[in-house]
Amino acid sequence: MTLQALLVSTDDFAADVLGRVLPTFGVAMDRSSDQETTLSRIQQQKFDALIVDFDHAEMAEAVLRQAQKLGTEPLSIALVADTAKVREILSGGAHFVLYKPLTDDAAKAGLRAAAALLSRERRRAVRIPVQAPVEITLPDTRKLDGILLDLSETGMDVLTAEPQTPGSLLAVHFKLPDGGLEVEAHGQVAWANPNGQTGVHFLDLAETTKAAMKTWMQSAASGNAGADETVPHCKLTDLSLGGCYVQTDAPFPERALVDLCLRAEEHEVHTEGMVRVAHPGHGMGVEFPSRTPEQRVQVENLINFLRNCPATMLELIISPRALVADITQFESGEKKAEESGDELEDPLLELLRRGTSLQQGDFLSELQHQRSPEETSV
């Protein structure tokens, strides 16, 4: 299924570049150039990505705010001409940044990570066509009958006799065919058409229901999910027990969950990580979860190996896992270490954790200052 992106911009040149590049990643692009029409469209139609031009900052910010209110925030990509505003734009909710004026090569490089993450999210939320009756309880407690049109792990598409309001909460009850699985859940209206077609994002599916529904969908699907895409051309420049900095022209967004595999001869570290800070077009800082002593020993062994053999080529593989990581996996370890007083000194990790408060130049300057002659850059 083709991914859908909406470009919000009056820049014809940028539209031409993106119109050529996006289809190479399997993304179809539509375009809107005024705020009122855009806000209406994202309430009535689901887009996998929003590309907003910050040459018109007020409109761009309004579109991102509205997308956040809908409950199923699409991937957001900002077009930015003023590099001094990048940190503010990322902190305001944008996931990726493309610098203007755009070129085909720069757009391909900058969109590579976004496309990989979109593919990962689409596979996780693949929609299975299904028709079944649905009972909906509205906010005013009225009951409404509907027809289930398709289903994913995260939500459903339903048709009702009356249009719903984007952002509103409701309860759903339905039974899946060919298996008898009964589903009860609360949801939020992500988008709604005047004809009564409504996209609902699940809020509180029970784990047992979620697992059973996933099994049902796997049996109903055609089984065409491919392997996760990785981001090529990554270079590990800094590594500590707590995290690393990776040089790449296609960084993943801040707070994204990524899978890292670091290999050097017989040593291997394979772990999830959370992107703490992203520098568009340059790199990203990733924190490792400190869940087990074994994991820390593995990283320490790799660091020592790299220091002793600086000529060794390190293989680095990074792939997306989720748009937003579970922050408790990282904060819990940090708090426990502080409470016990056993936290190891880790200047790189400390810099990563406050990286979003620094401009890119200031961050990279501090990073360079931390490096000592014996530290390995690969």
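Within region 116-124, is there a residue that is surrounded by fewer than 19 Cβ atoms within 10 Å (Cβ to Cβ), in a strand (DSSP E or B) and out of contact with any Phe, Trp or Tyr (no Cβ under 7 Å at 6 or more places or on another chain)?
No, region 116-124 has no match at all.
Here is a list of conditions, (1) open to solvent by less than 10 Å² (accessible area, probe 1.4 Å); (2) under 26 Å from residue 103 (Cα atoms), and residue 262 meets all of them except one; can you say which number that is?
Only one criterion is unmet by residue 262, namely (2).
Among the residues of region 134-190, write down those that are over 16 Å from residue 216 (Cβ atoms), assigned to a loop (DSSP other than H, G, I, E, B) and not aliphatic (A, V, I, L, M).
Residues satisfying the conditions are 139, 140, 141, 142, 162, 163, 164, 165, 166, 167, 168.
Looking at region 233-246, I want the residues that are surrounded by fewer than 23 Cβ atoms within 10 Å (Cβ to Cβ) and of a type in the set (Lys, Arg) and have a partner that is part of a strand (DSSP E or B) and modelled with pLDDT under 90 with Cβ atoms under 9 Å, at least 6 apart or on another chain. Which pairs are those?
Qualifying pairs under 9 Å: 235/316.
Read through the list (1) part of a loop (DSSP other than H, G, I, E, B); (2) surrounded by 21 or more Cβ atoms within 10 Å (Cβ to Cβ), then give the number of the only condition that residue 213 fails.
Against the list (1) part of a loop (DSSP other than H, G, I, E, B); (2) surrounded by 21 or more Cβ atoms within 10 Å (Cβ to Cβ), residue 213 comes up short only on (1).
Does residue 88 satisfy being in a helix (DSSP H, G or I) and at pLDDT 90 or above?
In short, yes.
Would you be able to tell me the number of residues in region 336-359 that are assigned to a helix (DSSP H, G or I), at pLDDT 55 or above and either hydrophobic (A, V, I, L, M, F, W, C) or more than 25 Å from residue 112 (Cβ to Cβ) (or both)?
Going through region 336-359 one residue at a time, the tally reaches 8.
Check 102, 170 and return the single one that is of a type outside the set (Val, Ile, Thr), in contact with a strand residue (DSSP E or B) (Cβ under 8 Å, 6 or more places away or on another chain) and within 22 Å of residue 45 (Cβ to Cβ).
None of the other options fit; the residue is 170.
Residues to consider are 220, 225, 206; find the one that is modelled with pLDDT under 90, under 26 Å from residue 3 (Cα atoms) and more than 22 Å from the chain's Cα centre (by Cα).
Checking each option against the conditions leaves just 220.
Within the set of pairs 6 or more residues apart or between chains, which connect a residue that is closer than 22 Å to residue 154 by Cα inside region 322-333 to a residue that is at pLDDT below 70 and open to solvent by less than 50 Å² (accessible area, probe 1.4 Å) with Cβ atoms less than 7 Å apart?
323/121
The values are calculated or read from the model by the stated rules, or taken from the named source; none is laboratory data. Predicted model only: the values in this text are computed from it and were never measured. Positions of Cβ are backbone-derived with ideal geometry, glycine not excepted, and every protein chain shown enters the neighbour counts. Side chains are part of the model used for accessible areas, which takes the heavy atoms of the whole protein and leaves out ligands, DNA and RNA. Shrake-Rupley method; radii C 1.70, N 1.55, O 1.52, S 1.80 Å.
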